Amino acid sequence: MADVFRVPKLGAGFYRSQVNPSARVVIEPGFHWDVGPSTPRGPGPGAVIWSNCDELTVRIGDGPLVRLQPDRARFPHLPYPPFVADLTVASGRPELRIDGYLQGQQIASRLFASDPRGDQFTVAADDEELSAAVADATRVVVRVVDRYGAPRARAGGTVSCVLAGPAVLLGDDPLDLTGNGGVGAVWLRTRPGQRGRLTLHATHSQLGTRTLTIRMT
């Protein structure tokens, strides 16, 4: 359940949610909170939320608080069935809040923004340290997220990378995010026998530059 960059797709939230909440609490929407010209009413009815909580509450903007229970009638075989909500937006670009409860206690909360004016550009590597003794590599994921860190699937723009240090950049440069759901990745491959530090400067065409540093030991 991942794309060509090994970034999990929406359906991966189902697998993440099938774990005891004592290990990790999961609230993963099966949709993107995108309210705009293409989807002015939001996800609409039948929106799925993957979670291992035993109750969720959802609120759209300043609207009423809606309590949800796991859909055990349709998914009796699952230890943690999904939740189904009507997330029809009446007007504007409101935020969405989802709170998770276990045995009556709130244990998690997530916020999602539909207004793109607070969007951010993030850069993250799979590894903070690479080996200088052998050929080593790590993936670097670049993506556009909303102000709360949720993926912005309809975001576009291009990302240009400048790498300093004993490594080679593998992947498209510049990288076009427009057709990739607002996300992409490049790989950094080390040159064996050369120690030091890798510094990657990634610049989004609208959202600025982020810098990432990786140690080579």
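Structure above, values below:
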{"item": "GNM top mover of A108, A133, A73 - the chain, alpha-carbon springs below 10 Å", "result": "A73"}
{"item": "Region 54-77-region 103-181 distance, computed between alpha-carbon centres (Å)", "result": "30 Å"}
{"item": "Simple Cβ-charge dipole of region 12-114, Lys/Arg +1 and Asp/Glu -1, about Cα centre, in debye nearest 20", "result": "100 debye"}
{"item": "Likely footprinting exposure, R110, R24, fewest C-beta neighbours within 10 Å first", "result": "R24, R110"}
{"item": "Cα lying deepest toward the dipole's positive end in region 28-142, options F121, S91, G61, charges on Cβ", "result": "S91"}
{"item": "Region 83-129 shape via C-alpha gyration tensor axes, a/c threshold 1.5", "result": "oblate"}
{"item": "Candidates R93, R189, R143, ranked by Gaussian network fluctuation over the chain, Cα under 10 Å, top entry", "result": "R189"}
{"item": "Dipole of the chain [Lys/Arg +1, Asp/Glu -1 at C-beta], most positive-end residue of L10, G179, S131", "result": "S131"}
{"item": "GNM top mover of F83, F31, F121 - the chain, alpha-carbon springs below 10 Å", "result": "F31"}
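Each value in this text was obtained by applying a stated rule to the coordinates, not by laboratory testing. Here the structure is a predicted model, which means the values were calculated and not measured. Note: ideal-geometry Cβ built from the backbone for every residue, glycine included; neighbour counts use all protein chains shown.
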